Structures are given as C-alpha cells and as structure tokens.
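Comments concern the structure below.
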Amino acid sequence: MGVPVVTGSATARSRTATADRRRELGACLRSYRERVAPATVGLPDRGRRRTPGLRREEVAALAGVGLTWYTWLEQGRVTASDEVLTAVGRVLGIDGPGIAHLTRLSRDGGPAAGTAPEELAPVLASWPDHPAVLLDARLGVVAANDAWEAAVGRPADDDPGRRHVLWQLAADPAARARFEPDPGPAVLSCPGPGPDELLAALHRRFRMASDLDPTDPGTRGVRDALRADAPERAPLWECRGVGAFGRPRVRLGGVDRTAYLLGEAGVPGAAILALLPS
C-alpha cells in the first residue's frame, strides 16, 4: 500500500493560489491596456480599432519584451521579473504602488493578510474631534471612534460583508446622506457614475488586498454586498484600478476634509482611516 502524502493538499492549494494571483495579474494588465489611448504613448491614430486601447504587440514593443511572452503574461502562464513588470507598468501608466502590487501578484505564495489588532483602537480616541476608523487588511471596520459614529454613522454589526468601510460609505443610507457631493470632477481609477475621490481611493486598496487571495470568502462577501446594495456604482466595483491611496478629499458636516490612510509597521494590513480638516 502506498503511504499518503500529507503535504500534497497543501502543495496543491499553494499552486492554486499562485495560479489565481497570476490570473488576476493578467486581468489587471488587460484592463489597463484597454484604457490607454495610443496617442498618449506616442502612437499614431490609424483609424478605428476593433478593441479599445493598445494592442498586445504595441505594449510588448514599448516595454521591450516579446509578443508571445507578453501574451503569456496576460494569460497568467509566466512569472515576470521586477524589471519587466516595471517596464510594462510604465507603458500602461501604472504608478509605483500599483507596480509593486503587480510584482506581488507575480510571485509564488506570500504572507497571508494580517488583521488589525484591537490594541490599536485607543489611537482612535486620540482624535476626539476627527472621524477615524481602524481597518483590517481588507478594509473591514474593526473599531470606530465617537467622532466617526457622530459624523458618518455606526458601522454595521450584523453582517461581516457589510461591516466594511466601502459598504458604509457607498451603501449605508445614513452615511451617504451626510457626505456632500464634490462640485469638482471626481478623480477615478475607472470610468463610472461619479463615485467620489474617497470611494475610488479606498476601492483601489481593497482591490489590491483582494487580488492577493481572490477566492477568500470574506472578500467575496464584501463584493456581493456592494453589488447588491450599491448597484449604481457597479463600474467601480468591477474596476481593476490599483495604485496609491493619495490624499482624497471630501466634504462632511460642512467641513472640507482630507483622508489619510495610516499603517503601522510590523502589522500587515492594519490601517487607520482618518478624515482630518483640509
């Protein structure tokens, strides 16, 4: 009789996770490629194209890689070096944090996303006048200070998929009513029906976290809740934009505020979102 190999299932799961990440990498590259106008990278306009954006051969030529190899990269079949991903990312207009995310997706394995420890909650109380929430690696709400609950509302308690900062800001009627619309143009990662800067910035970070473990049931629960309860923002929920959080601004309670996403060294994924007066 053969001896069962205990580690086989773990190895299979690792291979599946790696394949899932590479597929997400390919999908991200395709999404960005389809949004780059040829004129922005110095290519002539040769009339109508069958598909929007750049062709694969154009990206490959501009990045200095072979067409076949780049095709395999979009198909999730190869692992790219940091130099190649940097070159491809620059052609597609992806910023530094976004390129670093592509590099993580191209690698095998990687550390699991950490959770934000409750010990960080007292930090929120140090800003009694400024709304702030403690978030885990996937932007789930761990704790909120009194100023957040007074200005934005109390985070949901009954459903993990809805105890999430994206859900509260986009789908909670009480929170949505308290944010005043930005009179200027929204800064978006992807086209959509006018989501504001803060939602777009938060979704970029959520996308980067969820790409690392696409089959995570917690991530799927958040996406299902967003699609069900805020369907008018569907283009944003399907967007594959990644990159820096930046300094998005909102108007809340008659005050112009800038959002800051603050992480703690040594705590993977833990972050505090604070809305401070601009």
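The values are calculated or read from the model by the stated rules, or taken from the named source; none is laboratory data. It should be emphasised that the depicted structure is a prediction, and the values quoted were computed from it without experimental measurement. Note that we place each Cβ from the backbone using ideal geometry, even for glycine, and neighbour counts take in every protein chain shown. Keep in mind that these areas ignore ligands, DNA and RNA; they rest on the heavy atoms of the full protein, side chains included. Shrake-Rupley method; radii C 1.70, N 1.55, O 1.52, S 1.80 Å.
Side notes on the structure shown:
- Modelled FRET efficiency - R0 41 Å, D216 with R48, Cβ distances, 0.05 increments: 0.50
- Heavy-atom accessible area ranking, 1.4 Å probe, most first, across W237, W69: W69, W237
- Sorting the segments 135-145, 168-178 by their residues' average number of neighbouring beta-carbon atoms within 10 angstrom, most packed first, yields 135-145, 168-178.
- Where labels lie 7 Å past Cα in the beta-carbon direction, separation of A174 and A234 in nm: 2.9 nm
- Put simply, the amide H of V36, placed in the peptide plane, has neighbours under 5 Å in L54, leaving out anything fewer than 5 places away on its chain.
- Relative pair counts by distance (%), Cα atoms of region 193-278, 10 Å bins: 16, 42, 36, 6, 0
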